[in-house]
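I have placed the structure first, in the form of structure tokens, so that the comments after it can refer back to it.
Please treat every number below as a calculation from the coordinates, not as lab data. All of these numbers come straight from a predicted model, not from anything done at the bench. Heads up, the Cβs are rebuilt from the backbone with ideal geometry, glycines too, and the neighbour counts pull from every protein chain shown.
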Ligand SMILES: CC(C)(COP(=O)(O)OP(=O)(O)OC[C@H]1O[C@@H](n2cnc3c(N)ncnc32)[C@H](O)[C@@H]1OP(=O)(O)O)[C@@H](O)C(=O)NCCC(=O)NCCS
């Protein structure tokens, strides 16, 4: 079944966060409500969701910084995985980024989630030999 992705709406926030929790994508140091609000407030980012039988089954956050595109919160309801929905979520994000003029995507995988590399590799993503460094500036 092909999924239709759309921009998330206010009424989707709770279900989307529940999906992220079910997929173990939330962390105590990240506030998903703030992440969603920030992404939705900017023209250079979006949160796309898709429903199956009236329930949010897949999501992806996409954005760009004027140079590269990035994907976050790629999630498929655990009960709905291995049906091609993850592939569809990434494709929806890629299409959105292409529509913004973006031609290259970077994404990060937590070390404890290394198994997901096979998913991205099946979609044509490759490991880049770079260090990812981060710092909170507030
Ligand atoms: C990663 C995730 C989004 C994949 O979603 P999905 O709907 O199951 O993926 P798809 O059915 O579109 O899979 C496409 C292909 O990716 C590969 N793949 C998917 N999940 C895989 C896994 N767990 N192990 C190995 N390969 C996998 C397969 O090649 C698959 O094709 P196949 O089913 O024909 O073999 C989903 O497992 C998920 O939500 N995981 C928890 C959240 C997460 O880790 N997100 C990524 C954060 S970086």
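With one equal scatterer per alpha carbon and no solvent term, the Debye-computed log10 I(q)/I(0) for region 5-122 at 0.09, 0.11 1/Å reads -0.22, -0.33. Extension gain for residue 28 to residue 138 (0.36 nm times residue separation, less C-alpha to C-alpha distance): 37.9 nm. Given axes a ≥ b ≥ c from the Cα gyration tensor, I'd like to know whether region 1-50 is rounded (a/c under 1.5), prolate (a/b larger than b/c) or oblate. In terms of gyration-tensor shape, oblate. In this calculation the C-beta distance from residue 7 to residue 109 is compared with R0 = 22 Å, giving a FRET efficiency of 0.30.
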